[in-house]
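Take a look at the structure set out below.
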Amino acid sequence: MQVDHSLPPYEQLKKHAEFSKTVHLKDLFIQDPARFDHFKLEIGPLLFDYSKQRVTRDILDSLNQFADAAQLCQWIEKLFHGDSVNNTENRAAMHWALRVPNRLGAEQEQSAPALDDDILQAIHKQIDHMGFLVDQLHRGQYRGCTGEVITDVVNIGVGGSDLGPLMVSRALEDYRIQTPQNLQVHFVSSMDGSQVSHVLHELRPETTLFIISSKSFTTVDTLYNAETARTWLERKLGRNSRVDRCHFIGVSTSKEKMTEWGIYPEHQLGMWDWVGGRFSLWSAIGMPIALTIGIEGFKQLLAGAHFMDQHFQQAPWSENLPVLMGLIGIWNTNFLNIKTQAILPYDGRLEYLADYLQQLEMESNGKSVTRDGERVKLGTCPIIWGNVGPNAQHAFYQLLHQGTEPITCDFIAPALRYHAREKLHAEAAHELQAQHQLALANCLAQSRLLALGEGALDERYNDLPVYKRYYGNQSSSTILLHELNSFSLGALLAAYEHKVFVQSVIWGINPFDQWGVEMGKEIAKELLPALQGEQASKQFDSSTEGLLRFILQ
Ligand SMILES: O=P(O)(O)OC[C@H]1O[C@H](O)[C@H](O)[C@@H](O)[C@@H]1O
């Protein structure tokens, strides 16, 4: 359907949406047999297939106009010029700077025109410092206070200081550096002590090193876990400064707070307030990643993200992966009324991807007030959830196929796995390749059935009883990686980061603050004394009082 292009883009999109509601995805595939060729984008190591989204060229044109009307181009420039795009905290958001390679020249000039050389040098100083520590640990030269070689590193952090490093370390486990002492990396995040007690139960104080990872170095979850770790060490190794010195590394923006806590200056890794927590895996917060895949692997991850940063700045909207991802999301959320998005990787190595993207997207764009302090006019971030696709097929796909909610899905899979270069799997390569093919067959089958309904199969299925029918018309995108490696993963994650930025621009919100997480922490501070048996300073609501009574009785 053609709409009047002289209408404002929002009105055009509303008209498109009215018509779209009457069109089934299977009709779009019938109308255009080469639909895949017309609605796919190949960029570096990634293929983005959006042919199963309920879009037409005309809709995409209106979405591009919508982006222009929101001044997307100018906002991208502001982001990469280091302007204070985080207006409520008066800060830049320069996670992209962490990915700029440390070489001067034409390429860098073009990709990071505003990046001050001092900042670039400071960034690379931290990478080198982290690389030095990682190298010592890998070589077995980093020793605990009794002189024993460190065999286990525990990352203590939460939110952005946990989810990114955990997700990437797991995703790239196949590229794990083999060390003489078989160095292992563990993660502790939850404040309730269950994870820390479990991990400590398995480890020996003499050979364990902790990374206290906290941008602010004030997060109580992390500080309580760190104190538990210190007490555990001291119980066995005694209370002396050598314990702190040999068994802790800190990562934070605050050197003072790290020093006050007892982190030895040479074991302090810095970062900057212009890196948001959920954008920080590219900084020294990513040390567990570097420990897993080595510093060269970490640099490849940065290179993949830098590749995407350049693409985002340079490609026209219709060939720009983050822009397309962002605008398709806007179309689904704001015009087709699809308020939820499932993340479905068909690769067990990406098991934490949905958790990571929940923070990236929902903490960034879960806002209802614009940059000008007005109530937003359009709905903002959809609910992001998901799980490893093959397992989710046996859990919640019933609802995707036959439930009442419209849901859009991101299917993500590597095309190649267990191939010749992955020598690691040489012994079982044949069997494992068959398993990978099985996973891919399921990935393609599910997106096909979701889109087309039972019509995806032959006409025999037209007479199914009603409870066996598949209506289809559930939209999805499929992102294929040539293979899952540091570079392709870096590119994929940066694409999602920039998608979040694109959407924030359209919605007119600041994606780089998170005020909505603060007040709960304050209220917890008020409640803690009551739980510790002290006289509460105030009366709470009847529910809270009742729950307190039950706990304390
Ligand atoms: O790294 P930290 O300062 O300890 O912060 C850890 C996390 O806690 C906060 O509550 C924020 O919601 C997150 O954005 C942040 O990543």
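Of everything in region 233-249 that is open to solvent by less than 40 Å² (accessible area, probe 1.4 Å), more than 15 Å from the ligand (Cβ to nearest atom) and not in a helix (DSSP H, G or I), the residue that is farthest from Ile150 (Cα to Cα) is Gly238.
When the criteria are applied in full, Gly546 meets the requirement of being of a type outside the set (D, E, K, R), away from the ligand (no atom under 16 Å from the Cβ) and more than 27 Å from the chain's Cα centre (by Cα). Can we say Asp273 is within 16 Å of the ligand (Cβ to nearest atom), in contact (Cβ under 8 Å) with a residue 60 or more places away in the chain and surrounded by fewer than 17 Cβ atoms within 10 Å (Cβ to Cβ)? In short, yes. Scanning region 488-500 turns up no residue that is more than 22 Å from Lys339 (Cα to Cα) and at pLDDT below 95. Residues that are surrounded by fewer than 21 Cβ atoms within 10 Å (Cβ to Cβ) number at least 3 in the following helices (runs of 4 or more DSSP H) confined to region 456-553: 518-531, 542-552. Does region 357-371 include one or more residues that are more than 30 Å from Asn510 (Cβ to Cβ), of a type outside the set (Lys, Arg) and open to solvent by 40 Å² or more (accessible area, probe 1.4 Å)? No, the conditions are met nowhere in region 357-371. With respect to the stated conditions, Glu405 is of a type in the set (D, E, K, R) and open to solvent by 30 Å² or more (accessible area, probe 1.4 Å).
Among the residues of region 419-431, just one is out of contact with any Phe, Trp or Tyr (no Cβ under 8 Å at 6 or more places or on another chain), open to solvent by less than 30 Å² (accessible area, probe 1.4 Å) and modelled with pLDDT of 75 or more, namely His419.
Just wondering, is there one or more residues in region 457-480 that are more than 27 Å from the chain's Cα centre (by Cα) and within 30 Å of Ala70 (Cα to Cα)? So far as region 457-480 goes, yes, one or more of its residues are more than 27 Å from the chain's Cα centre (by Cα) and within 30 Å of Ala70 (Cα to Cα). Note on region 191-227: residues that are part of a loop (DSSP other than H, G, I, E, B) and open to solvent by less than 70 Å² (accessible area, probe 1.4 Å) amount to 7. Could you give every pair whose Cβ atoms fall below 7 Å, whose first residue belongs to region 238-253 and is within 25 Å of Gly160 (Cα to Cα), and whose second residue is open to solvent by 10 Å² or more (accessible area, probe 1.4 Å) and among the acidic types (Asp, Glu), counting only separations of at least 6 or pairs across chains? Listed by first residue and then by second, the contacts come to Thr253/Asp273.
Meeting the requirement of 3 or more residues that are of a type in the set (Val, Ile, Thr), the helices (runs of 4 or more DSSP H) wholly within region 294-396 are 321-330. Exactly one residue among Leu399, Leu432 is more than 11 Å from Tyr346 (Cβ to Cβ), in contact with a His (Cβ under 7 Å, 6 or more places away or on another chain) and free of Cβ contacts under 8 Å to residues at least 60 places away in the same chain, and that residue is Leu432.
Before we move on, is Leu438 open to solvent by 50 Å² or more (accessible area, probe 1.4 Å), modelled with pLDDT of 95 or more and within 17 Å of Gly389 (Cβ to Cβ)? Considered against the rule, which asks whether it is open to solvent by 50 Å² or more (accessible area, probe 1.4 Å), modelled with pLDDT of 95 or more and within 17 Å of Gly389 (Cβ to Cβ), Leu438 comes out as yes. For region 21-53, a residue qualifies if it is touching a Ser or Thr at 6+ places or on another chain (Cβ under 7 Å), open to solvent by 30 Å² or more (accessible area, probe 1.4 Å) and in contact (Cβ under 8 Å) with a residue 40 or more places away in the chain, and exactly one does: Lys52. The set of residues from region 171-190 being surrounded by fewer than 19 Cβ atoms within 10 Å (Cβ to Cβ) and either closer than 24 Å to Pro345 by Cα or in contact (Cβ under 8 Å) with a residue 12 or more places away in the chain (or both) comprises Glu173, Asp174, Tyr175, Arg176, Ile177, Thr179, Pro180, Gln181, Asn182, Gln184, Ser190. Condition test on Arg230, is it in a loop (DSSP other than H, G, I, E, B) and over 22 Å from Gln126 (Cα atoms)? Judged against the criteria, Arg230 is not a match. The residues of region 138-172 that are small (Gly, Ala, Ser), more than 25 Å from Leu484 (Cα to Cα) and within 16 Å of the ligand (Cβ to nearest atom) amount to a single one, Gly157.
Just wondering, is there one or more residues in region 289-301 that are open to solvent by 60 Å² or more (accessible area, probe 1.4 Å), within 11 Å of the ligand (Cβ to nearest atom) and either within 28 Å of Gly82 (Cβ to Cβ) or in contact (Cβ under 8 Å) with a residue 40 or more places away in the chain (or both)? No, every residue in region 289-301 fails to be open to solvent by 60 Å² or more (accessible area, probe 1.4 Å), within 11 Å of the ligand (Cβ to nearest atom) and either within 28 Å of Gly82 (Cβ to Cβ) or in contact (Cβ under 8 Å) with a residue 40 or more places away in the chain (or both).
With the condition kept exactly as written, say whether any residue in region 181-192 is within 16 Å of the ligand (Cβ to nearest atom) and more than 24 Å from Met271 (Cα to Cα).
yes
Among residues of region 203-220 being farther than 19 Å from Asp513 by Cβ and out of contact with any strand residue (DSSP E or B) (no Cβ under 9 Å at 6 or more places or on another chain), the one that is nearest to the ligand (Cβ to nearest atom) is Val220.
The values are calculated or read from the model by the stated rules, or taken from the named source; none is laboratory data. As the structure is a computational prediction, the values presented were derived from the model and not from experiment. Every residue, glycine as well, gets a Cβ built from its backbone with ideal geometry; the counts of neighbours run over all protein chains shown. Quick note on the areas: whole protein, heavy atoms, side chains included, nothing else; ligands and nucleic acids left out. Shrake-Rupley method; radii C 1.70, N 1.55, O 1.52, S 1.80 Å.
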